[in-house]
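The structure appears below as structure tokens.
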Amino acid sequence: MSKDRSPQHFQVSVAERPSAAESKGSINLRIETQTRQLIDEAAAILGKTRTEFMIDSARRQAIDVLLDQRFFTLDAARYDAFMHALDNPPAPGPKLKALLRRVPA
């Protein structure tokens, strides 16, 4: 077995500092104990840390909000059909009528 320790036998890794765009920041939250416990329980069920759970949940919610606010474009015929559907909703079906007759709990 050779004890040659010349440079060609070693790999050197150099850690690069992340750019400003890639760096992480922090968000400090003040929450009620019950809310924190609820989050911790849900995170544990998923095998995640509190931070992972909160980031994933907030990211999903942010995406949903942004997608709900996006514009969409339609050609003239589809726009007319869309407006017609909005102006002329279908008549309530039997399930909707039954739901509206039900007394709330």
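The values are calculated or read from the model by the stated rules, or taken from the named source; none is laboratory data. Source: prediction; values computed, not measured. Heavy atoms of the whole protein, side chains included, go into the accessibility calculation; ligands, DNA and RNA do not. Shrake-Rupley method; radii C 1.70, N 1.55, O 1.52, S 1.80 Å.
Computed quantities for the displayed model
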| read-out | value |
| --- | --- |
| Whichever residue in the stretch 39-94 is farther than 30 Å from Ile27 by Cα and of a type in the set (D, E, K, R) and, among such residues, is most open to solvent (accessible area, probe 1.4 Å) | Arg78 |
| Matching residues in the stretch 41-51 - criterion: being assigned to a helix (DSSP H, G or I) and either within 18 Å of the chain's Cα centre (by Cα) or of a type in the set (A, V, I, L, M, F, W, C) (or both) | Ala42, Ala43, Ala44, Ile45, Leu46, Arg50, Thr51 |
